[in-house]
Amino acid sequence: MTSERRALGQASLAYTWWGASAIFWNELGSVAPIDQLAWRVLTACLYLTVGGVFFAKRLQAAGIEASLFTSSTVRAYLTTRHIAYGVSASLMIAANWALFLWAVSNDQAVEAALGYFLMPILTVALGVGLLGERLRVLQVGALVLCVIGIGWTIVVVGRLPLIALSVAATFALYGLLRKQGPWDAISGLTFETGILVPLFLVILVVRGVSGEAIFGDGSTVTPVLIVLTGVVTMVPLIAFASASKRVSLSILGLLQYINPTLQFFVGWQVLGEVVQADRLIGFGWIWAALVLIVVDEVLSQRPVDGGVARSDERLVHRGERLTSKEPSVRRER
């Protein structure tokens, strides 16, 4: 499997994982959203640090960008550019987590799903507008179908969905920072969660001392779920961070519809939220767009990031070498 195809699989894994994660966070409903956020930051940072110290080489072999944590690499990361991107990314992902957890705990999972439907459009706009990425014909068609579906859904809702817009904006900006930033997957995520650890550690201590149930309802299952918050947080973020370096922001944006589609069905069928029949029409437009994306990838037969195929992957037809006529998407390392 080429690195580009592997990256496409990593992105799909991340979005599928996020789409189904509302089930997990609903099970942890006895823990307040602020405490859920604190536990996921603390445990994810712990797991990422252990992974960076002991398993960096294995992660690299699996196609995940990871630097072995040594004194020299740590010093190399202490630059203005690394710190600026790391702090900005940590603020965006923390805000996105907080909004999502609040929505799930307040029976707003479907509204959060709308936010993740809006997010790909913002992501594609950032890729085309800021990074100069180009869309193929079927990708443009998919984007048009997405815009129609989102427009219909907003009309049905009958109001400006502030939660949805906030969810969309924070993660779209996080994706841009991840795409352009200098961090590799593991080191960057460790920094992003690590910079948040002191704040949320203080929050947990203060709330625990004041008598808040930071460990939930005291059942035997809840502590296990708290320990797993780091895994549920870390796995899709690693996959997304690794994929974002190899896949264009436009493709990442269009694939993001896997997440809200699953999230919508979880909120509707699993969590029992009421969904108006008219909203299904909007989702139908978006699902048609997903079909176009899949068809485009099958027909293109070229690396998903729009780059020129390597010599051992070039297609030959009637003696002529077929390569992409599109310029390669600029990669920032």
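Taken together, the values in this text are just the output of simple stated rules run on the coordinates, not laboratory data. Given the structure is predicted, the values throughout are model-derived calculations rather than measurements. Don't worry about glycine lacking a Cβ; one is built from the backbone with ideal geometry, like all the others, and counts go over all protein chains shown.
Multiplying the residue separation of residue 49 and residue 156 by 0.36 nm and removing their Cα-Cα distance gives an extension gain of 34.0 nm.
Length available on full extension from residue 227 to residue 26: 0.36 nm per residue minus the Cα-Cα distance, which gives 70.8 nm. Spin-label pair residue 294-residue 3: with each label point 7 Å from Cα along the Cα-Cβ axis, the two points sit 2.9 nm from one another. Label separation (residue 165 vs residue 201): 3.8 nm, computed from points 7 Å beyond Cα along the C-beta direction.
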